[in-house]
1. Is it true that some residue in the stretch 254-277 is touching a residue at least 12 places away in the same chain (Cβ under 8 Å) and touching a Gly at 6+ places or on another chain (Cβ under 7 Å)?
2. For residue 90, indicate whether it is small (Gly, Ala, Ser), closer than 14 Å to residue 134 by Cα and not in a loop (DSSP other than H, G, I, E, B).
3. Is it the case that residue 91 is within 16 Å of ligand 2 (Cβ to nearest atom) and either modelled with pLDDT under 95 or of a type in the set (Val, Ile, Thr) (or both)?
4. Would you confirm whether any residue within the stretch 184-192 is at pLDDT 95 or above, more than 16 Å from ligand 2 (Cβ to nearest atom), touching a Cys at 6+ places or on another chain (Cβ under 6 Å) and not aromatic (Phe, Trp, Tyr)?
5. Of the conditions (1) under 26 Å from residue 8 (Cβ atoms); (2) within 12 Å of ligand 1 (Cβ to nearest atom); (3) polar (S, T, N, Q), residue 169 fails just one. Which one is it?
6. Select from the stretch 127-183 the residues that are of a type in the set (S, T, N, Q) and under 22 Å from residue 7 (Cβ atoms) and write down the one among them that is nearest to ligand 2 (Cβ to nearest atom).
7. Condition test on residue 259, is it farther than 23 Å from residue 175 by Cα and either of a type in the set (Val, Ile, Thr) or within 16 Å of ligand 2 (Cβ to nearest atom) (or both)?
8. Would the stretch 14-31 turn up any residue that is more than 21 Å from residue 136 (Cβ to Cβ), crowded, with 18+ Cβ neighbours inside 10 Å and touching a helix residue (DSSP H, G or I) at 6+ places or on another chain (Cβ under 9 Å)?
Amino acid sequence: MKNDKSFRSWFNDFEHNQPLVIAGPCSAETEEQVLATARQLKNAGVSVLRAGIWKPRTRPGGFEGVGVIGLKWLQKAKSETGLLLATEVATKAHVELAIEHDIDVLWIGARTAVNPFAVQEIADALKDTDKIILLKNPVNPDLSLWIGGLERLHNANIKKLGVIHRGFSTYEKTKYRNNPEWQIAIEMQSRFPDLPMICDPSHITGNRNMIQQISQQALDLNYNGLMIEAHINPDEAWSDAAQQVTPERLKEILRSLKVRKKTDEDFDYNSSLAKLRTKIDDIDEKLIEIIGKRMLIAKEVGILKKDKNVAILQTERWQEILDKLVVLGNEKGLSQEFISHFFKAIHQESIYHQEKIINTPAKEN
Ligand code: PEP
Ligand code: MN
C-alpha cells in the first residue's frame, strides 16, 4: 500500500490544494437545524456538510442520533445548497443507507476504528465504491491498528481514501478532550505521504476556544483539511455542545488561518534552508555519539552493580536527576514534557543495557 499515488490524486481533483473544509453539527437534530446550518455554512466557505445520524455514545441513555430521517434532511440540504454530504457509518446497514441517500463522504469513527471486525464489515459493504472514505484514528494511540484499518479499506479496492486525526484517549486528564499525540499523525504522514490527512480539532480539544489554534497547527504540519463541528446554537446542541462553534465563528476561524505552501522556489530561501539543515544533521550525529558514550558509562555502572549485587533502578537518584534536568531544560526554553519524555527514553535504554550485563553470566561480559 506504501505511497499509493491514487490517494493524493483524488484529493487534488477535488480541492485544488486548498484545505478541504468539512463542517456541520455533531448530530443532525431537526430538519430546521440541518437546513439552517447548511445555508450558513455554505456562506462560510465550507465544501462538505457533516452531521452524525447514528451517534456512538460512551454511555447508554444519551441522545443516540435521529436515524434515517436525518439522511433525508441532509439530502434536502444538498439539493438546496449544493454542499456535499458526510456522515459517520459504523455498520453494514449504515453504509447501505448512507449510499442510498446520496452521502458523498462516509467516515468511520474512532470507536469503530478500534474494532477490526467492524472495519472489515464496513470495508466489505463498501467494496469498489467511488465514494470518499475517511478513517478516523482509533481512540487508543496505536498506529498499527489505524494502518490496519486503512489496509482493510484499501484491500476492498476503495480508491478515495483519507484519514482523520481526532486525538487519542488518555487516562490522565489533560487540557485536551483527546490528546493530539501529533507524532502518531506525523508518522502516518511519513509512511503514506500521498494519503490525505484531515484534522478534527473539535474532538481533539473538546473546547471551542481552542479550535483556531489546533486548526492552524494542523495546517502548519501540512494537513490537507479540517473537520470542524458547527451548530447554529452550540450551547443548545444535543451532543458535544462545548466544542461546537457557530457558522459565523467558523467563517472567522477559516479566514484567520494561514495556509502554508509545501515549498518555495526562491534560491536564497533554499540555500539558507540547506545550510541550517546541514547544521541540524551535524548536531543530530553528535547527539547520537554522546548518547552512545553515555550508554558505555551506564554499562560500566552495570558491571559495578553486578559485582555488588545491587539493584539497577535507583528511584531516588533518578527523580533527583530528572528534577535537575527539568530546571536546566527550562533555562534553554525546553518544555518539562519534552525533557521528561526524552530522559525517560534515555533512562530506559540505560536500564536495558545494564540488565543485559547483570543477567549475562560473568564469562560472557
Ligand atoms: C463525531 O465526529 O461526532 C464523533 C463521534 O467523532 P469521534 O469518532 O472522533 O469520537
Ligand atoms: Mn461530536
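1. Within the stretch 254-277, one or more residues are touching a residue at least 12 places away in the same chain (Cβ under 8 Å) and touching a Gly at 6+ places or on another chain (Cβ under 7 Å).
2. Answer is no for this residue.
3. When the stated conditions are applied, residue 91 does not pass them.
4. No.
5. (1)
6. 137
7. yes
8. yes
The values are calculated or read from the model by the stated rules, or taken from the named source; none is laboratory data. As the structure is a computational prediction, the values presented were derived from the model and not from experiment. All Cβ positions, glycine included, derive from the backbone under ideal geometry; neighbour counts span all protein chains shown.
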